[in-house]
1. Taking the stretch 89-135, which residues are surrounded by fewer than 16 Cβ atoms within 10 Å (Cβ to Cβ) and closer than 19 Å to Ser56 by Cβ?
2. Confirm whether Phe428 is of a type in the set (Phe, Trp, Tyr), at pLDDT 75 or above and under 17 Å from Val507 (Cβ atoms).
3. Given the condition surrounded by fewer than 24 Cβ atoms within 10 Å (Cβ to Cβ) and at positive phi, answer yes or no: does some residue in the stretch 298-310 qualify?
4. Residues that are over 27 Å from Val431 (Cβ atoms), modelled with pLDDT of 75 or more and assigned to a helix (DSSP H, G or I): does the stretch 524-545 have at least one?
5. Filter the stretch 171-197 down to the residues that are in contact with an Asp or Glu (Cβ under 7 Å, 6 or more places away or on another chain) and farther than 17 Å from Arg139 by Cα and list them by number.
6. Could you pull out every one of the helices (runs of 4 or more DSSP H) wholly within the stretch 100-208 that has 1 or more residues that are under 30 Å from Glu243 (Cα atoms) and assigned by TED's automatic domain parsing to the domain that holds Asn262?
7. Among the helices (runs of 4 or more DSSP H) confined wholly to the stretch 262-337, which include 3 or more residues that are under 23 Å from His202 (Cα atoms), in contact with a Phe, Trp or Tyr (Cβ under 8 Å, 6 or more places away or on another chain) and in the same structural domain as Thr233 (by TED's automatic domain parsing)?
8. Got a sec? Which of Phe465, Phe484 is among the aromatic types (Phe, Trp, Tyr), assigned to a helix (DSSP H, G or I), at pLDDT 80 or above and under 15 Å from Leu516 (Cα atoms)?
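The values are calculated or read from the model by the stated rules, or taken from the named source; none is laboratory data. Source: prediction; values computed, not measured. Cβ placement follows ideal geometry from the backbone for every residue including glycine, while neighbour counts extend to all protein chains displayed.
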Amino acid sequence: MGKTCSMDPEKGFHEVHIEDNIEVIPCKRKIELYNAVVEEREDFTVEAEVLREVTSTKNTILHVAAKSGNMKIAKKIIDFDPSLLHEHNSKGDTPLHIAASLGHLDMTNFLLSQHQHMTVPLVMITNESNETALHGAVRNGHKKIAKKLIEKDPSLTSLRNKDGESPLFIAVDRGFFDIAEYILDNKECCEYRGSKGRNILHAAAIRLDEKFMEKVMDKFPKAITEEDDFGWTPLHYAAHFGEEELVKLFLNRDIFLAYKQNNEGMCALHISAKKGHVDVMGMFIERCPYTCQLFDKSHRTALHLVAESGHTKALKIFFKNRKFAFRDLMNEQDDEGNTPFHIAAANRHYALLMSLADRIIMSNLERHNVLWSLDTMVDRQTIKVKNPKAEGTGAANSSEENGKKDKEDDNKKAKEEKKDDIKDLANFNLVVATIIATVTFAAAFQVPGGTGGDGLANLREKGTFVKFLIYDSLAFGFSAVSIFANFAYPFLAKATRITYPIMFSLVLTEFSLICLVLAFIEGTRSVLTENSWLPEVVYASLFPISFFLVRPIIVRKTFLFSSRKLPCT
């Protein structure tokens, strides 16, 4: 059974259950002993009743000593009970595993020296991950300890853990090339494979160490052609990371590596094209041109992947030195019927799309489908294409669905922007209309020429004064209705078929502004002599102003009673 504890509050004891044994251990003494080991105190004494006790992670007192690196305490423990050397904790680690992983060189040497107490070689004992102490030392970059363990038993370099990782692979994968080189230089036969079917060349390609690569290929020439669980060779990884020198190194060793395809049918050119590594692509196209004709499992060429990723510079590589050799790739369709042109349009890669359009050679049907695809998927502000309005192929139909979705997103965004613009216009219009209403309201009670004792206007008999009152009243009325429309337009837009109620309000404000100017002119004329030239000058200056005020009204009249709905409602 598992380990459980219960405490007697009067005696301060713990009842400890370990497997099928039940012991009563003095809890305080156990804690003191543990602390003494951790703190490396000289007053440490070995007691048989607590020596076999373990922590919650099943570490014995020797495991704790190995963690701290205290050899004096470890020696006392081993002298009293050597069997603790082989004890495992909850992860299956022995004290040697812990000492090697933590880099305690002296403790490791001491534990290895206790061979007289061992029935099984301590270095060969594995934990639950099937790892020896060497795996832990290498994983944590402890070169001196790794060398000591290899000297003790060179066969350790051939053992793989539960994930299939050898010490050599772990060293390369973690970037500890000094340890990896030591293993390569001092061991004739060692395991070089790792997890997920990878070998040390896969790991080295990821870690990008060229010098080490050459040493590995000299010792393990077959490693360069081996594929991992995903079908990737070391060349695939070099192409993925865009390492031109590594790619050159691999191709110099075996040019046919360029034609090997992974589980998805992608060769190294496909991968470099997808990532947009121009220099690597250029090397493949120049040295291995047939790779351009290879299809992945979706029947896509490298050009399809360039169109999908949108790397314009990568596209130019196809036509740089072999301008006419790859023209046929422009019309190649994948399993869904899409050419590179369709894919570029669907992904809205406009710069690449225009570059493709400059080079494309098509039949009438293909040209027709591509133009149709452009019209449905590409922003017309960027590329102007007239819709032929004809049926397309399966690729075009697929593109139409994508295009409609993109168009809906664009329309939604445009509506939101239109809504914000209308709100700003409404706020501005409300301020202007309010000012006009305030001015005209005040002018109605402070008339030109003043009032007599009876409260009547002194100039009420003059025609110009009557005109002043008419224009002033109209200006006030228009501005008042405009203010009302500003408050009511959200409801009017939903209840009526008026397209832009706010535009209607704006027109009223413009009328009120015109009437305000006319009221000013007539009010001025009413207090001047009959032959004064000032009103004529003011009227003359009104004409250019009126043009800019009236023109928007004429233009917007078509919006006032349109059957379309307001985008923001």
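1. Residues satisfying the conditions are Ser90, Lys91, Gly92, Glu128.
2. Spelling it out, Phe428 is indeed of a type in the set (Phe, Trp, Tyr), at pLDDT 75 or above and under 17 Å from Val507 (Cβ atoms).
3. Yes: one or more hits.
4. yes
5. Lys196, Gly197
6. 133-139, 143-152, 167-173, 177-186, 200-207
7. Per the criteria, 268-275.
8. Going through Phe465, Phe484 in turn, just one is among the aromatic types (Phe, Trp, Tyr), assigned to a helix (DSSP H, G or I), at pLDDT 80 or above and under 15 Å from Leu516 (Cα atoms): Phe465.
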